[in-house]
Structures are given as structure tokens and as C-alpha cells.
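The values are calculated or read from the model by the stated rules, or taken from the named source; none is laboratory data. Computed from a predicted model, the values in this text were never measured in an experiment. Ideal geometry is used to build each Cβ from the backbone, glycine not excepted, and the neighbour counts take in all protein chains shown. Keep in mind that these areas ignore ligands, DNA and RNA; they rest on the heavy atoms of the full protein, side chains included. Shrake-Rupley method; radii C 1.70, N 1.55, O 1.52, S 1.80 Å.
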Amino acid sequence: MTNTHTDTHAATDADTHADTYAAVTRAAIDVTTAGLPAWLDPVAQAARSVRPQQLSRFLPPESGAGRQSAVLILFGDGPRGPELLLMERSGTLRSHPGQPSFPGGSLDPEDGDQATTGPLRAALREAEEETGLDPRGVQLFGVLPRLYIPVSSFVVTPVLGWWRAPSPVGVVDPAETARVFTVPVADLTDPANRATAVHPSGHSGPAFLVESALVWGFTAGVIDRILHYAGWERPWDRARQVPLDWRA
């Protein structure tokens, strides 16, 4: 995912996302900002107003092609304040092996309508399957525009959650997940932990060196944009580069 700071876009894109967001919030599964901690208000506001192109230049094909999927971007309160739940994918997986990522995966038929509640249920279901998370303790409070991962043809709906009632998490299936961990938001915003990841293909994008992990690609791109539009971003050295292994 490429970092972009373009803030001028066609009104139709904003209207489309606004309509989709409204449809999701009216659906049977609850999406609500009621009772959120005040520090999450900027993230909730960003979810209501951000346009797809403000998050990435890689957007779903107009043809409708792509593998529908969802990720859960779960914020909680940790020992050091606000934190984010991440996992490290197994090194044996065909898609994005060994990469830190949000919990998530492809929509299943039982998840329901991919245009409304399907991504919400998929994000919670996948998080439970991958990390052991109890979805009953998660309050969904926003949905970001759908994005695209060209290398795997995934059309991804990022679903925002508040870990209202934390539950134990850990590796459920080592064939899918190598590690489950949380990252303090303070570490993500620390300029000392930020860099630009450079892939052998020439692609470059934001990266985070946190919790003995290099977070890059789609996940880092979404985190970078959330920090930016929530007003949490601190100036960092974009010239600092981290080369990626040829296998990445």
C-alpha cells in the first residue's frame, strides 16, 4: 500500500462511501460510537469522512473483480495506554507469509451480504479463528472504505473496533498464525519507530519497527493513514529506509 497525501477527490466517491457507511450502521449487526473512550473520537470521525483515495491509490476494480475480505482494526486500553491488536502470519502461508497484519480474511457465504453486514461478521469471525478473541467483547464503531491489495487480488474492508471487554488472545492455529501481539499507539507514533520500507520491486511505503516486528505493506499503510487523519501523527524521517528481503 502506497502512502498518499492527496486530499482532493470527486464528491461522488465521498457520497458512495457515506451511503455505504450509513447502510452498514443501519444493518442488524451493531456499529455504534456510543460509549467510546474520548481518545477514539478522532478515529471515529475519520471513518465517517475519509475518502478511498485518501487511504490508498490501490482501489477495488470497477469490474467488481477481487476476493472479498475484511480485517479487524481493534483498539484497546493496555498497560501503556491505547494499543492496537496485530498478528504475525505463518511463514508457510501462500499469501503474505510471515507478515504482521490485522486479523482478517476472506468472506464466507454465512457472513452474509458483502455490501452491508458481511465484512463486519467476517472481521469478527476471522479474528476469533486466528487469535481466540471473544467477539462479544468488541464494539464495532466504524468502517473504512474498501481497499485493494493487487498482489493477492483481495478487496479489503477495514472494520474498526473498540475492545470494550478484553479477552485472552494467542495463536489458535500455528499453520495460520505465528504470533499475536499488541502495540501501544505511543510506539506507533514515535518517530524513532518509523521508516520507509523499500521492496526489491521498487515499491515503497510506510513501515513501523515495533514489538520486534517490521510492520509494512497494507497493514502499515492503513495504520499510517489512521494516525494521519486522527491527528496523532508526529513528524518522522521519511528518508530513513528499511530494505525488505527479496522473499517479502
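Here are a few things to note about the model shown:
- Residue in segment 31-50 that is modelled with pLDDT under 95 and open to solvent by 50 Å² or more (accessible area, probe 1.4 Å) present: no
- Residue under evaluation Val43, criteria (1) in contact with a Ser or Thr (Cβ under 8 Å, 6 or more places away or on another chain); (2) assigned to a helix (DSSP H, G or I), criterion not met: (1)
- Residue list for segment 223-248, restricted to those being among the β-branched types (Val, Ile, Thr) and under 17 Å from Pro82 (Cα atoms): Ile223, Ile226
- The number of residues in segment 148-173 being closer than 26 Å to Gly78 by Cβ and open to solvent by less than 50 Å² (accessible area, probe 1.4 Å) comes to 11.
- Members of segment 117-147 found to be open to solvent by 20 Å² or more (accessible area, probe 1.4 Å) and in contact (Cβ under 8 Å) with a residue 12 or more places away in the chain, listed by number: Arg121, Leu124, Arg125, Glu126, Glu129, Gly132, Asp134, Arg136, Gln139, Arg146
- Screening the candidates Phe141, Phe154, Phe181 for the property of being within 21 Å of Glu88 (Cβ to Cβ), touching a Ser or Thr at 6+ places or on another chain (Cβ under 6 Å) and not small (Gly, Ala, Ser) yields one hit, Phe154.
- Of the numbered criteria (1) touching a Lys or Arg at 6+ places or on another chain (Cβ under 9 Å); (2) modelled with pLDDT under 95; (3) among the acidic types (Asp, Glu), the one Asp237 fails is (2).
- Whether a residue is surrounded by fewer than 19 Cβ atoms within 10 Å (Cβ to Cβ), farther than 19 Å from Leu140 by Cα and either of a type in the set (Val, Ile, Thr) or modelled with pLDDT of 95 or more (or both) was assessed, and Gly81 passes this test.
- Considering segment 191-213, the residues that are modelled with pLDDT of 95 or more and open to solvent by 50 Å² or more (accessible area, probe 1.4 Å) include one that is nearest to the chain's Cα centre (by Cα), namely Leu209.
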